[in-house]
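This report concerns only the one structure given below.
Only the coordinates and a few stated rules stand behind these numbers; no lab work does. Quantities reported herein were computed from a predicted structural model and do not represent experimental measurements. Here Cβ is always computed from backbone atoms with ideal geometry, including for glycine, and neighbour counts include all displayed protein chains.
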Amino acid sequence: MRLAILSHPESWYRRDLERAATARGHAVVGLPFEKLTAFVDQQAARVDGFETDLTQIDAVLVRTMPPGSLEQVVFRMNLLGQLETRGVRVLNPAKAIECAVDKYLTTARLRQAGLPVPATIVCETADAALAAFDQLGGDVVVKPLFGAEGRGIVRVSDPDMAVRVFRTLERIQAVLYLQRFVPHEGYDIRAMVLDGEVIGGMRRSNPNDFRTNVSRSAVAEPFELTETQRDWAVRATSAVGASLAGVDILYDRDGTGYVIEVNGVPGWQAFQRATGIDVATRVIASLESHGR
């Protein structure tokens, strides 16, 4: 197979996927999103990266979505969609990435699929957010609509602080995403899903921060998922239309579980270190089994 990896040049995931692909005899090229160009005329429509015509590639693996303007992000998604129409397998598909990166859309899809989610209110004005703050019990987690690894997430439980936070977000024209804070025991569960099957789970613990991301010093350890957790993870992945996803499950102190997030470009460095599962090799094997 001929594979392209869309990633930062120094990405650990690019190196890991290159290792797994070359070990199985596949040709690999790594490209940053910013270097892709589209070519359209009466005879052809191509997506090029340096000297590589990506419409002739067998599969494209998306390992990053770098920051950019709305125009740039939409253009990148359109490029992925164009590749899909030409028969190139894109992991994950553009529509799945669009859904998973949007916290409101993901939460709505999870609820539509019958999965448990914390009470959430999304709005555009500070006044609406202040009303939501009261409605959600005066203790909320405010999240950027787009974001990962816990970046930009703050807990707000003081009314005066709520005014300052919400007014600031309104001034920068942000969408205000408020979720009821779930008191928990300092850990969450990450399930890794590929092609409709759970390939493993890990528990991430952080007694010093309500955010349990490994990037914020949480400790990862292998975890044997229950049948319910496996079911939630598979259904959550399907809800956003992804083939590969990391699904986060959080329990409150009473034992009630919630599906918190579906990551459409999931990291697996900490997962692999904790579980010993070679995710990159499984991803390449998945591409082999599905073909172009």
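The figures follow:
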item	result
10 Å beta-carbon shell around residue 115, net charge (K/R +1, D/E -1)	+2
Those residues of the range 22-66 whose amide nitrogen sits under 16 Å from the label point placed on residue 290, 7 Å along Cα→Cβ	57-64
Calculated FRET value between residue 221 and residue 278, using beta carbons and R₀ = 22 Å, to 0.05	0.75
Option label - semi-axes √(5λ) of the Cα gyration tensor in Å computed here, alternatives (i) 60, 33, 23; (ii) 36, 19, 18; (iii) 34, 24, 16	(iii)
Potential lengthening between residue 168 and residue 131 on full extension [0.36 nm per residue; Cα-Cα distance subtracted]	11.7 nm
Most mobile listed residue (18, 170, 227) in the chain, GNM with C-alpha springs under 10 Å	227
Listed residue (122, 145, 177) projecting farthest to the positive dipole end of the range 120-180, Cβ model	145
Estimated FRET transfer efficiency when R0 is 45 angstrom, pair residue 231-residue 86 (beta carbons, to 0.05)	0.80
Nearest-20 debye value, the range 120-180 charge dipole, Cβ charges on Lys, Arg, Asp, Glu	200 debye
